[in-house]
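Shown next, in structure tokens, is the structure this report addresses.
The values are calculated or read from the model by the stated rules, or taken from the named source; none is laboratory data. A quick note: this is a predicted structure, and the numbers were derived from the prediction, not measured. All Cβ positions, glycine included, derive from the backbone under ideal geometry; neighbour counts span all protein chains shown.
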Amino acid sequence: MNDWYTRQQVADILGISKATVYHYAKQKKIIKIEDPHRLIREARYKKEEVDALAEERKRHQPTGLRPSELAKQLGVTTQRIYALIQETDLPVDELPVGDERTIYSIPDETAIWIRQEIERTASARGTRVEFYDAKLDIALYQCFRTQQGQDIRVLRNDNQEWGFYLQSRTWIPFADGVNVFQYEPAYPIHQQNHSVRGYTDFSLPKDLQESFDFLDFVYQVWGIENIRIREHERHIDLSIKSGVVALAIPVPEAFSESMIRKLLVLGDVVMDEGQWTLISGYRRTTFDLPNNLLDELQGISKLNNLSMSEYVELALREKMNREQTND
């Protein structure tokens, strides 16, 4: 067995380029075997030193979450995770890979802080990524039908994977449900995107069948383009863009005005034949701010993936909650 590696072997073992091997030798991270008379055509490096460096890298390999993994769990963009990493002094492991690439690994302590910060700065309404998967073109609790004509709903499991639960609580991945068991969507979930004139907010208890019937109706009439959904343990927050909408499907007989108002939490609904008018629970206002403060507010809002209105509302609610607690 040789007690040396060639430059290419070192590059393969350490996951770096041959040029980086040269620089590692210059930096004395590995030892190049001198050959002043150039008897060997290829550069050689001491096996013991290379093996020691490879073992050290293996021992210090980060075991936390990658930013993309944490982003997927929390339903936010990877850029949002990187922005929060830059805001905190908590540790984040960095491991160089090759010449220019770096792997980031987020330890548990930092991941907990990031989760809490995203929850703290989250919009009162859900974001589309929370309830809709563009690649699969499916929405949370969307109704599908089996070959036997039974209804089954799209869900996410604890690993944030899309699929279906049978009555026996057997988990069916979405791909298997569609390709193997031939589940089909019961209705379309897309409509023309309306301009935002405020939102009308509903709360749908999960132990109420009418909640899911209403959600089916909303998906068909407004589509995923005009709603926001945020799931909680016992209820679903549903926000629909306010305004007049013509009903493309008949209103189910079970949808009495009293039933709809039981689900309504902010705003109002006028139910006319052939159309509904949703009235926003918000009132538009204006106020003056210095230019520098307005620029800073815009930057902070963008960093938190919120509109300026959402960020101001969130900040005001937090301040009022603190004052009430102090009182």
Could you check the range 169-190 and list, in sequence order, the residues that are part of a loop (DSSP other than H, G, I, E, B), within 16 Å of GLN147 (Cβ to Cβ) and either modelled with pLDDT under 95 or out of contact with any helix residue (DSSP H, G or I) (no Cβ under 8 Å at 6 or more places or on another chain) (or both)? VAL180, PHE181, GLN182
Every residue in the range 183-203 that is under 23 Å from the mean Cα position of the chain (by Cα) and not polar (S, T, N, Q), please. ILE189, HIS190, VAL196, TYR199, ASP201, PHE202
Conditions (1) within 24 Å of ALA139 (Cα to Cα); (2) without any contact (Cβ under 8 Å) to a residue 60 or more places away in the chain; number of the one not met by VAL312: (1)
With the range 209-327 as the region, which helices (runs of 4 or more DSSP H) entirely inside it contain at least 3 residues that are within 29 Å of LEU155 (Cβ to Cβ) and not small (Gly, Ala, Ser)? 209-221, 257-263
Condition met for GLN150 (exposed (fewer than 13 other Cβ atoms within 10 Å of the Cβ), more than 19 Å from LEU74 (Cβ to Cβ), of a type outside the set (Phe, Trp, Tyr) and at pLDDT 80 or above): yes
What single numbered condition from (1) under 17 Å from GLU130 (Cβ atoms); (2) of a type in the set (D, E, K, R); (3) at pLDDT 95 or above fails to hold for ASP216? (1)
